[in-house]
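The structure appears below as structure tokens.
The values are calculated or read from the model by the stated rules, or taken from the named source; none is laboratory data. Note that the structure is predicted; figures quoted are calculated from it, not measured. Please note: Cβ atoms are built from the backbone with ideal geometry, for glycine as well, and neighbour counts cover all protein chains shown.
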Amino acid sequence: MLVTAIDHQESIDHILDKALDNQDISEAEGLLLLQQVESDTITKIQATADRLRKRQVGDTVTYVINRNINFTNICEQHCSFCAFRRDAGAEGAFWLNTDQIISKTSEAVAQGATEICMQGGLNPAAKIEGASLAYYLALVATIKNQFPQIHLHAFSPQEIQFIAREDKIAYQEVIIALQDAGVDSMPGTAAEVLDDSVRKIICPEKIDTATWLEIVSTAHRLGMPTTSTMLSGHIETPSQQISHLHKLRSLQQQALTNNYPGKITEFILLPFVGKEAPQALRKRVGRDQPVLADTLKLTAVARIFLGNWIVNHQPSWVKLGLQGATEALSWGCNDLGGTLMEEHITTMAGAQGGTCMTVEELQTAIASLKRPYKQRQTIY
């Protein structure tokens, strides 16, 4: 028994030394790290992630001044984790008009925002003269015509697929048109967990894994940067978490190997918040709020697994609260995200982190770790 324990610890030490030697660890090795429960071992994993973070991006913690604009919550899909969507005409349904979008953007710019992050529900009625793409191009023009200096981080791979499907055109055509209109980067949301057996349960109407990867790769090839995300802590297994990370790493390797002008700029871990989620998934998960310890361990393993390829890692203060997100900065993260100014999707799910952070609040949180802070642009 003692020999087994020693061998096991030597195996963990070998994996961590391998990472510190700038080698990529395998999926099996990543899984072994995720499966650790002993506090001393988890402390070693944390320390390794923090050393890699320091080596790869330094001690400075970055943040961005931005605003979320969710232009509608009317959506044709029924994801089992989503408390945001509404049917048209239902209580709580909204669909912003041009004046409302301009007002929100103007307010953000006045507060120093450099980025607008814009996403929304999949609303089949969102068309101009029968064309979905025309509506989305008009959304872009609403912002860019008046605020050409703002970085528009907009429309997930799921929204790209929706537009292409509605108008019967190729993903490439949609991305090029949005890019030409002024979209500067693509949120890597709608990834949830890149495993179709999980997706069939939590988001059966969403695009499958291959389609998500295809659209993001197409964006990279066309010169559009993207972010990357994972929705964690619901029904997925550690093996599926590592497989998700491996797909992201491979996607980034493909972009860099092929010299695509676009790439993944950051990884954001999004722990599941289920307080107001549909009852079936809430019951299956068995809790309303994320487990911080689980999130931190996955945060550290993500840095170890991805860090050679995706160097910027961000926690979600909306989902973890500012205190939890600040703690994640010692587990491999180097960015504290954005001010957001308003947030609907996670808040409507019952998150306790709030909807807005001031620059001062973000700076104070970072300073509490005795690390320097710096405002960044969207693509670092």
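Which of the residues that make up region 147-162 are more than 22 Å from residue 193 (Cα to Cα) and surrounded by 14 or more Cβ atoms within 10 Å (Cβ to Cβ)?
Taking region 147-162 and keeping what is more than 22 Å from residue 193 (Cα to Cα), we get 147-152.
Answer for region 147-162, where residues must be more than 22 Å from residue 193 (Cα to Cα) and surrounded by 14 or more Cβ atoms within 10 Å (Cβ to Cβ): 147, 150, 151, 152.
Find all pairs meeting these conditions: Cβ atoms under 6 angstrom apart; at least six residues apart or on different chains; first residue within region 1-19 and at pLDDT 95 or above; second residue surrounded by 13 or more Cβ atoms within 10 Å (Cβ to Cβ) and of a type in the set (Asp, Glu).
15/29
Condition test on residue 53, is it under 21 Å from the mean Cα position of the chain (by Cα), assigned to a helix (DSSP H, G or I) and surrounded by 19 or more Cβ atoms within 10 Å (Cβ to Cβ)? Even if it seems obvious, please write down each step before you answer.
Values: under 21 Å from the mean Cα position of the chain (by Cα): yes; assigned to a helix (DSSP H, G or I): yes; surrounded by 19 or more Cβ atoms within 10 Å (Cβ to Cβ): yes.
Spelling it out, residue 53 is indeed under 21 Å from the mean Cα position of the chain (by Cα), assigned to a helix (DSSP H, G or I) and surrounded by 19 or more Cβ atoms within 10 Å (Cβ to Cβ).
Do any residues in region 218-232 that are of a type in the set (Lys, Arg) have Cβ atoms under 9 Å from those of residues that are part of a loop (DSSP other than H, G, I, E, B), where the two are at least six apart or on different chains, and which pairs are they?
Once the first residue is of a type in the set (Lys, Arg) and sits in region 218-232, its partners that are part of a loop (DSSP other than H, G, I, E, B) give 221/258; 221/260; 221/261; 221/262.
Just checking, which of 142, 227 is over 17 Å from the mean Cα position of the chain (by Cα) and surrounded by 20 or more Cβ atoms within 10 Å (Cβ to Cβ)? Steps first, please.
Working: 227 fails: over 17 Å from the mean Cα position of the chain (by Cα).
Among 142, 227, only 142 is over 17 Å from the mean Cα position of the chain (by Cα) and surrounded by 20 or more Cβ atoms within 10 Å (Cβ to Cβ).
Which pairs have Cβ atoms under 8 Å, sit 6 or more apart or on different chains, and link a residue in region 192-206 that is within 14 Å of residue 241 (Cβ to Cβ) to one that is of a type in the set (D, E, K, R) and outside any loop (DSSP other than H, G, I, E, B)?
192/199; 193/199; 194/247
Does residue 107 satisfy the condition of being surrounded by fewer than 17 Cβ atoms within 10 Å (Cβ to Cβ) and closer than 22 Å to residue 167 by Cβ?
So residue 107 does not fit the description; no.
Pick out the one residue from 45, 101 that is among the β-branched types (Val, Ile, Thr), in contact (Cβ under 8 Å) with a residue 60 or more places away in the chain and in a helix (DSSP H, G or I).
Criteria check complete, one pass: 45.
Just to be sure before I move on: is residue 249 over 20 Å from residue 154 (Cβ atoms), in a helix (DSSP H, G or I), within 16 Å of the chain's Cα centre (by Cα) and modelled with pLDDT of 95 or more in the structure I sent?
yes
If you go through region 85-97 one residue at a time, do you hit one that is part of a loop (DSSP other than H, G, I, E, B), among the basic types (Lys, Arg), touching a Gly at 6+ places or on another chain (Cβ under 8 Å) and free of Cβ contacts under 8 Å to residues at least 60 places away in the same chain?
Yes, region 85-97 contains a residue that is part of a loop (DSSP other than H, G, I, E, B), among the basic types (Lys, Arg), touching a Gly at 6+ places or on another chain (Cβ under 8 Å) and free of Cβ contacts under 8 Å to residues at least 60 places away in the same chain.
Please indicate, with yes or no, whether at least one residue in region 80-90 is farther than 30 Å from residue 106 by Cα and either crowded, with 21+ Cβ neighbours inside 10 Å or in contact with a Leu (Cβ under 7 Å, 6 or more places away or on another chain) (or both).
yes
Going residue by residue through region 104-120, is there one that turns out to be in contact (Cβ under 8 Å) with a residue 40 or more places away in the chain, acidic (Asp, Glu) and farther than 26 Å from residue 219 by Cα?
Yes: one or more hits.
Counting only residues that are hydrophobic (A, V, I, L, M, F, W, C), surrounded by fewer than 22 Cβ atoms within 10 Å (Cβ to Cβ), outside any loop (DSSP other than H, G, I, E, B) and modelled with pLDDT under 95, how many does region 303-348 have?
So the count comes out to 1.
Within region 171-193, restricting attention to residues that are over 11 Å from the mean Cα position of the chain (by Cα) and small (Gly, Ala, Ser), which residue is nearest to residue 144 (Cα to Cα)?
The residue in question is 182.
Within region 207-217, how many residues turn out to be touching a residue at least 40 places away in the same chain (Cβ under 8 Å) and either in contact with a strand residue (DSSP E or B) (Cβ under 8 Å, 6 or more places away or on another chain) or outside any helix (DSSP H, G or I) (or both)?
Adding up the residues that qualify gives 2.
Yes or no: residue 241 in contact with a Ser or Thr (Cβ under 9 Å, 6 or more places away or on another chain), outside any loop (DSSP other than H, G, I, E, B) and surrounded by fewer than 21 Cβ atoms within 10 Å (Cβ to Cβ)?
no
I'm checking my understanding of the structure. Among residues of region 283-302 that are in a loop (DSSP other than H, G, I, E, B) and not β-branched (Val, Ile, Thr), which one is farthest from residue 29 (Cα to Cα)?
Among those that are in a loop (DSSP other than H, G, I, E, B) and not β-branched (Val, Ile, Thr), it is 288.
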